[in-house]
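Undergrad: Sharing a structure below in structure tokens format, with a few things to ask.
The values are calculated or read from the model by the stated rules, or taken from the named source; none is laboratory data. In this text, all values refer to a predicted model and were calculated from it rather than measured experimentally. Heads up, the Cβs are rebuilt from the backbone with ideal geometry, glycines too, and the neighbour counts pull from every protein chain shown. Each accessible area value is taken on the protein alone, full model and side chains, heavy atoms only, with ligands, DNA and RNA left out. Shrake-Rupley method; radii C 1.70, N 1.55, O 1.52, S 1.80 Å.
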Amino acid sequence: LLLVRNELPAQGLRLAALSGSCHQCLYQFLAFIPPSNGSLREPGMAAVMVDTQHPLTLLLNGSVGDRELCKIQYHFGEFGNYSLVVKTLSTSAKTVSCDLVINEGPINSYLPILFAFLVYMGILAILIVGRLFMKIDPVRNWVYKKLNPRETDRLINSELGSPNTTDSVSSDPTPRLWSTASRQRLRSLDTFRGLSLIIMVFVNYGGGKYWFFKHESWNGKLHFPSALFSRFVFIMGTSISLSLSSMLRWGSSKRKVLRKILWRSFLLILLGIIVVNPNYCLGPLSWDNLRIPGVLQRLGFTYLVVAALELLFTRAGSESGTLESPCPALQDILPYWPQWIFILMLEVIWLCLTFLLPVPGCPRGYLGPGGIGDFGNYPNCTGGAAGYIDRLLLGEKHIYQHPSSSVIYQTTMPYDPEGILGTINTIFMAFLGLQAGKIILFYKDQHKQIMSRFFIWSIVMGIISAILTKCSKEEGFIPINKNLWSVSYVTTMSCFAFVLLLLIYYLVDVKRLWSGAPFFYPGMNSILVYTGHEVFENYFPFKWKMQDSQSHAEHLTQNLTATTLWVIISYLLYRRRIFWKI
């Protein structure tokens, strides 16, 4: 809350503000403060709510001649109470001072995060200590006797006098996670997928209403949400490589595999359309407002293109390294040159449409958010060619109506971050994940080679990103933009994805220092968890009425509870060997 006190007797004040995250934006009018009543010595007053997410620049202009009186840059704190006092220092010189006073200090909004972290660390510590105790034979036998006394008595009273190795009471009843059979499936991939999915669920549920768990308005900073969907796409590409290789190795014909690809893509797209158009208890949904693009829809189409491309050009021996390559350093790339040419052609198409397609009322190659951005010159140009193509082919009512740019940039045009043009770069992202899968197949069981290739790919993608963005938020050739799924966004996200996959692969599959729990379990049931969290988002116990809707603590408690419930559900399904596959 900002209280503005105008002690100037002769003129009123116009207060405007500009967010620090709004690139080349116009100042937005906040309030008019009347002049003070000189005879009664009462200052003019006005109260406004100001944004605490980003630093603000406050601009005060006098009503007489619209002269700028003062400009203040300040980052306000949450639930703080401030006063801005405007007064004359010297009557003769007509010098105006603007003093910002803190009436009531802001709260520390990050304490709930610290408390939640300590709670989860406490739970983790209890589980680790419990597991260590279970390795002690007397403790383990006592626990199993309490849990299953009848079975324990049967074993103790057996004719042999002691249990054999198969039925041993001291054996761990949980699935043998490190057995040879289970090691055929890389746990690191499911862990990677589950980690991305669980954070995505938490963010979609609200992320405790913290600004860094929200999508960036347009270009720039890579908040948590910006990386989640891209990682999911990346690991989908990796899984495509491994699953197609397995199916073809087991004798499935290409025609049969293609039918499976088509069917799975169709189900993902259909499921996505159903999920993004909820209308529970509100009557029939109108076809006029049906949203067509969405997360699952883009995953489905991306899966179709990448899997079909891989199936079409795959050659026997390319995965095992039996094909000769003229350049040993590129021996896991050159055998797949037809796929690479196709992907590069798609990127050329994206570049041509983005920078050469004429968009009515907008400059050619426009990549901005529209609205009040670019000094308000192009208010209806949100997304440039990407937004224009969606509105032209799908219609304004069939795309997302509330883009993240509407908050800071005050855009009024609908724009869909899962639109048509961005799908091209999503295919590129999945193909890079496919390349990671090929590395795993090509260098099977050669852990150093696999990790070094992951690291090299990460460096290459990072260099490309640095060139495209000029290492800046707004001034690069192609800025990082999640809404547009710009090519620099893809290269940056794939750089981080290769590094993350390298770390998880090393910890889970190479050194086996971590089983992947608890993220491994939702990673094994990713479609069910994602669909379930969308469908049951507004149902108890995933959501309930809060006493204080402005409290980070209550939002964080609710969002973490809902997310933890999906982890528990996926664990129980895993224990019962229930997996929802499409």
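Undergrad: Ignoring any ligand, DNA or RNA, what whole percent of the accessible area of the range 416-547 comes from carbon and sulfur when the probe is 1.4 angstrom?
TA: 66
Undergrad: My understanding is that a pair violates if its Cα-Cα distance is over 30 Å; which of Lys214/Lys545; Lys254/Lys438; Lys209/Lys448; Lys214/Lys511 do that in this structure?
TA: With Cα atoms farther than 30 Å apart: Lys209/Lys448; Lys214/Lys511.
Undergrad: Something else now. What residues from the range 43-71 fall in the zone where the backbone N is under 19 Å from a label point 7 Å along the Cα-to-C-beta line of Leu100?
TA: 46-62, 68-71
Undergrad: Using the alpha-carbon atoms, what tilt in degrees (0 to 90, nearest 10) does helix 337-356 show relative to the longest principal axis of the chain?
TA: Once rounded, one gets 10 degrees.
Undergrad: Give the separation of the Cα centroids, the range 339-369 to the range 96-149, in Å.
TA: 48
Undergrad: Taking 0.36 nm per residue of separation and subtracting the Cα-Cα distance, what length does fully extending Arg315 through Asp548 add?
TA: Fully extending the segment from Arg315 to Asp548 adds 77.8 nm.
Undergrad: Still on this structure: Ile463 accessible area, nearest 10 Å², 1.4 Å probe?
TA: Accessible surface of Ile463 is approximately 90 Å².
Undergrad: Only residues of the range 511-528 count here: report those whose backbone N is under 20 Å from the spot 7 Å along Cα→Cβ of Leu270, or say none.
TA: 526-528
Undergrad: Tell me, in nm to one decimal, what length is gained between Lys448 and Phe117 on full extension, where the rule is 0.36 nm per residue of separation less the Cα-Cα distance?
TA: Gain on extension, Lys448 to Phe117, equals 115.8 nm.
Undergrad: Under 8 Å for C-alpha pairs, at least 6 residues apart: give me the relative contact order for the range 2-104, rounded to a whole percent.
TA: Across the range 2-104, relative contact order equals 29 percent.
Undergrad: Quick one: which of 415-421, 392-398 comes out on top by average Cβ neighbours within 10 Å, and what's the full order, highest first?
TA: Highest mean packing first, the order is 415-421, 392-398.
Undergrad: Among Ser63, Ala31, Tyr74, whose Cα projects farthest towards the positive end of the dipole of the range 2-104, with charges put on the beta-carbon of Lys, Arg (+1) and Asp, Glu (-1)?
TA: Highest projection toward the positive end goes to Ser63.
Undergrad: Further question on the same structure: For Ala10 and Asn277 in the same chain, what is the full-extension length gain: residue separation times 0.36 nm, less their Cα-Cα distance, in nm?
TA: My answer for the length gained is 90.5 nm.
Undergrad: Under the rule of at least 5 residues apart or a separate chain, name every residue whose amide H is placed under 5 Å from the amide H of Leu69.
TA: Under 5 Å from the amide H of Leu69 lie the amide H atoms of Leu60, Asn61, Gly62, each far enough along the sequence or on another chain.
Undergrad: With contacts defined as alpha carbon pairs under 8 Å and 6 or more residues apart, what's the relative contact order of the chain in percent?
TA: 15
Undergrad: Can you work out ³J(HN,Hα) from phi for every residue in the range 13-29, in order, using Karplus 6.51 cos²θ - 1.76 cosθ + 1.60 and θ = phi - 60°, giving whole Hz and x for Gly and Pro?
TA: For the range 13-29, the Karplus-derived couplings read 10, 10, 9, 10, 9, 9, 6, x, 9, 9, 7, 6, 9, 7, 5, 10, 5 Hz, x marking Gly and Pro.
Undergrad: For the range 2-104, what percent of Cα pairs sit more than 22 Å apart?
TA: Distances greater than 22 Å cover 28 percent of the Cα pairs.
Undergrad: Here is a follow-up. Nearest 5 is fine: what % of DSSP beta bridges in the chain come out antiparallel, could you say?
TA: Within the chain, antiparallel bridges account for around 85 percent of the total.
Undergrad: Another question, then. Quick one: angle between helix 552-575 and the longest Cα principal axis of the chain, in degrees between 0 and 90, rounded to 10, please.
TA: The angle comes out at about 20 degrees.
Undergrad: What residues have an amide H closer than 5 Å to that of Gly370, excluding those fewer than 5 places away on the same chain, when H is modeled at 1.01 Å from N in the peptide plane?
TA: Answer set, sorted by chain and number: Gly383.
Undergrad: What residues have an amide H closer than 5 Å to that of Val50, excluding those fewer than 5 places away on the same chain, when H is modeled at 1.01 Å from N in the peptide plane?
TA: Leu2
Undergrad: Accessible area of His75, 1.4 Å probe, to the nearest 10 Å²?
TA: Roll a 1.4 Å probe over it and His75 shows about 100 Å².
Undergrad: Extending each Cα 7 Å along its Cβ direction at Glu475 and Trp263, get the distance between those two points in nm, one decimal.
TA: 5.6
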